[in-house]
Amino acid sequence: VTFSGGEPLLQHQFLKEALKECQRRDIHTVLDTSGYATKDVFSSVADYVDLFLYDLKLADDEEHLKYTGVSNRSIKDNLQMLLDMGRGNDVILRFPVITGITDTEENVNGLVEFVSSLKGLNEIDLLPFHDVSEKFKRLDAEYKMTVQKAPTKQKLKAIKEKFEAIGLYVKI
């Protein structure tokens, strides 16, 4: 069972009970998360999750606040907590590659530096941005993203090589 959203940790009490029931029934569980939660909330569910799909978007806290509306401090802290628990093999980092926002040299280098300081991680998935503005138009909903093109294959290859250089297995 994969729990995703939005952010599943926003409904952490329900999430914990559902995870516990899955564990009781020997059902493999995945938490697709940004990691944005208090340490108490995050740690309350961590033992019931088999695999974490853990998003890392922006290295710089001010940039993270600008684009997401929240600080990335708890996100980084919760990732470190997972690794301190010896759960590195249960974490796949996921990096949304968004042209002009997350794919900048500064951001990629910052993430590589941060990730290289962590011990126990093995894998990162690069998630190229896909324009979904047409879907919003059909739904007569406001589309707030200004980016409307995917990163180039060359850009993805360059990012992949930087993460491979620090020993991570990289999938696009």
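The values are calculated or read from the model by the stated rules, or taken from the named source; none is laboratory data. If you're wondering where the values come from, they're calculated on a predicted model, not measured in any experiment. With ideal geometry, Cβ positions are generated from the backbone for all residues, glycine too; neighbour counts draw on all protein chains shown. The area values use the complete protein model at the heavy-atom level, side chains included, leaving out ligands, DNA and RNA. Shrake-Rupley method; radii C 1.70, N 1.55, O 1.52, S 1.80 Å.
Screening residue 9 on (1) within 30 Å of residue 159 (Cβ to Cβ); (2) open to solvent by 60 Å² or more (accessible area, probe 1.4 Å) shows it passes everything except condition (2).
The sole residue among 13, 23 that is assigned to a helix (DSSP H, G or I), of a type outside the set (A, V, I, L, M, F, W, C), under 19 Å from residue 87 (Cβ atoms) and over 16 Å from the mean Cα position of the chain (by Cα) is 23. Of everything listed in (1) of a type in the set (Gly, Ala, Ser); (2) loosely packed, with under 13 Cβ neighbours inside 10 Å; (3) touching an Asp or Glu at 6+ places or on another chain (Cβ under 6 Å), the single unmet condition for residue 71 is (2).
Return the residue satisfying two criteria in turn: it lies in segment 28-55 and is among the β-branched types (Val, Ile, Thr) and either in a helix (DSSP H, G or I) or in contact with a His (Cβ under 7 Å, 6 or more places away or on another chain) (or both), and of such residues it is surrounded by the fewest Cβ atoms within 10 Å (Cβ to Cβ). The selected residue is 41.
Results for (1) at pLDDT 95 or above; (2) under 19 Å from the mean Cα position of the chain (by Cα); (3) outside any loop (DSSP other than H, G, I, E, B), shown as yes or no for each residue.
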{"site": "93", "(1), (2), (3)": "yes, yes, yes"}
{"site": "99", "(1), (2), (3)": "no, yes, no"}
{"site": "136", "(1), (2), (3)": "no, no, yes"}
{"site": "143", "(1), (2), (3)": "no, no, no"}
{"site": "151", "(1), (2), (3)": "no, yes, no"}
{"site": "158", "(1), (2), (3)": "yes, no, yes"}
{"site": "170", "(1), (2), (3)": "yes, yes, yes"}
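With respect to the conditions (1) at pLDDT 95 or above; (2) over 16 Å from residue 92 (Cα atoms); (3) not hydrophobic (A, V, I, L, M, F, W, C), residue 34 falls short on a single one, namely (2).
For the residues 25, 87, the requirement of being basic (Lys, Arg), farther than 23 Å from residue 159 by Cα and surrounded by 14 or more Cβ atoms within 10 Å (Cβ to Cβ) singles out 87. Determine whether segment 56-70 contains at least one residue that is within 12 Å of the chain's Cα centre (by Cα), assigned to a helix (DSSP H, G or I) and modelled with pLDDT of 95 or more. No, the conditions are met nowhere in segment 56-70.
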